[in-house]
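Here the structure comes first, spelled out in C-alpha cells, and everything after it is commentary.
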Amino acid sequence: MADAVYDQQLDAREGGRLALLKEFWSYFCENRGAVIGLAFFIAIVIVAVFADFFAPHLPNHQYRDAFLKPPFWQHGGSLTFPLGTDAVGRDILSRLIHGARYSLFIGCVVVSVALSVGVILGLIAGFFRGRVDTVIMRLMDIILAFPSLLLALVLVAILGPSLINAMIAIAIVQQPHYVRLTRAAVMGEMNKDYVTAARVIGVRKLRLMFVTILPNCMAPLIVQAALSFSTAILDAAALGFLGMGAQPPTPEWGTMLAEAREFILRAWWVVTFPGCAILLTVLAINMMGDGLRDALDPKLKRS
C-alpha cells in the first residue's frame, strides 16, 4: 500500500514537471524572435562542435598564392574560398567556423564562473544580512563603479594578455550583477511561509540556502545568464580587437577584426564577415534571452 502511494506521488511530480515544461515552451514559442534566436544559436553550437567537419580548410593554413582573395561572387573569387581569404592567405570561412568554438567556450566559461561565485555571494549576503551583507555589497559597488570594459582591460593588463586571462577579467566584471540579483531574490523569499516552516522544523542553514531558497530564485538568474552570454562574447571580442584577449593566430572573431583593420578599404570582406558573425550571434542570444524572460516571469504571462 505504501509503495503504491509512493508511486502515485512520483507520477504526480513527474506530471507536474512535464506540465510546467509544456507551459514554459508554450509561452516561449509565442515570441517568434526568441524561437528564431534559439534556432540560430543551436545552429552555431552544431557548427562549433563539428567545426572540423564543416570547415573546408584548416583555420591557420596559409595559401601563398591566394592573398586577399575576394568572395566567390566577386571578380577573382573562387568557390575554393567561398568567403575569400585574409592578408596571409587563410580561408575566412574556416576561421569563422572554428572561431565559433572560441566564442561559445568564452561564453560558457564566463557565465559559469560569474554565476557560481555570484550566486554564492548573493545567497550569503541576502541570507545573513548585517555586516557580511554590507561588506559584500560595497565590494560589488566598487566593481560596478568602473566602466566594465575599462576594468577588464586593467585586469588583463595586470594578468597578461591571453584568452584565459580575458575570460577571468570578464567574469569578475559580470559577477556583481549576479550577486545583486541573487541577493534581491533571496531577500524576497526569506519572509515567505515555506522558509519560515523550514526554519521551524530545524532545517540546517546550508540546506535552507541551497535546497529550499535557491531553486525559487533561479528564474531571473537564468535570464541574466542568457543575456550575460552575449555580453561575454562582445567583451571578449573587444579585448581581442584591442590585442588584450586571444592572441594571433587564434581564429577568435575579435582577433580576426584586429588583424584586418588595415585592410578595411582594400578588402571589405576581411572585416565584414567576422563583424557579422559577432552581430548575428549576439543578436540571436539576446532574442533568446527575451523569450526566456517572457516565459519565466509570471507578470509577463497572459492569463
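Read-outs throughout are calculated quantities, based only on the coordinates presented, and are distinct from any laboratory measurement. Because the structure is a prediction, the values reported are computed rather than measured. Neighbour counts are summed over all protein chains in view; Cβ atoms, including those assigned to glycine, are modelled from backbone coordinates with ideal geometry.
Look at Leu144, Leu115, Leu79 and count the other Cβ atoms within 10 Å of each Cβ; fewest to most, that gives Leu79, Leu144, Leu115.
Non-local lysine pairs in the chain, meaning eight or more places apart or on different chains, with alpha-carbon distances under 26 Å, amount to 5. Between Phe263 and Ser116, what FRET efficiency follows from the Cβ-Cβ distance if R0 is 35 Å, with the result rounded to 0.05? So the FRET efficiency works out to roughly 0.30.
Each 20 Å bin from 0 upward holds the following percent of the Cα-Cα pairs of the chain: 27, 48, 21, 3, 0.
Rounded to whole Å, the principal axis extents of the Cα atoms in the stretch 41-105 read 34, 21, 17, largest first. Taking label positions 7 Å along the Cα-Cβ direction at both Ile222 and Glu30, the computed distance is 1.6 nm, reported to one decimal. Sparse packing (at most 15 other Cβ atoms within 10 Å of the Cβ) combined with a DSSP loop state is found for the following trypsin sites (Lys or Arg not before Pro) in the stretch 198-228: Arg204. Our estimate of slack between Leu149 and Leu18, defined as 0.36 nm per intervening residue step minus the Cα-Cα distance, is 43.0 nm. Label-to-label distance for Arg199 and Phe50 is 5.4 nm, based on points extended 7 Å past Cα in the beta-carbon direction. Of all segments of the chain bounded by chymotrypsin sites (Phe, Trp or Tyr not before Pro) found in a DSSP loop with no more than 15 other C-beta atoms within 10 Å, the longest spans 74-303. Spatially, the stretch 217-295 and the stretch 104-123 are offset by 18 Å when compared through their Cα centroids. With the simple spin-label model, which puts each label point 7 Å out from Cα in the Cβ direction, the Arg138 to Leu206 separation comes to 2.9 nm. Each of Trp268, Phe54, Asn286 was scored by the projection of its Cα onto the charge dipole of the stretch 31-300, and the greatest displacement toward the positive side belongs to Asn286; charges sit on the C-beta of Lys, Arg, Asp and Glu. Across the alpha-carbon set of the stretch 153-244, the Rg to Rh ratio works out to 1.18, Rh being the Kirkwood radius. A Cβ-based charge dipole, computed about the Cα centre of the chain with Lys and Arg at +1 and Asp and Glu at -1, lands at about 700 debye.
How high is the FRET efficiency between His61 and Leu283 when r is their beta carbon distance and R₀ equals 35 Å, given to the nearest 0.05? Efficiency, rounded to the nearest 0.05: 0.70.
Shown for Lys69, Lys192: other C-beta atoms within 10 Å of each C-beta, ranked fewest to most, produce the order Lys192, Lys69. Relative to the longest principal axis of the chain, what angle (0 to 90°, nearest 10) does the C-alpha long axis of helix 218-241 take? Between the helix axis and the principal axis of the chain, the angle is about 20 degrees. On the beta carbon distance between Met190 and Leu159, with R0 = 41 Å, the FRET formula returns roughly 0.65.
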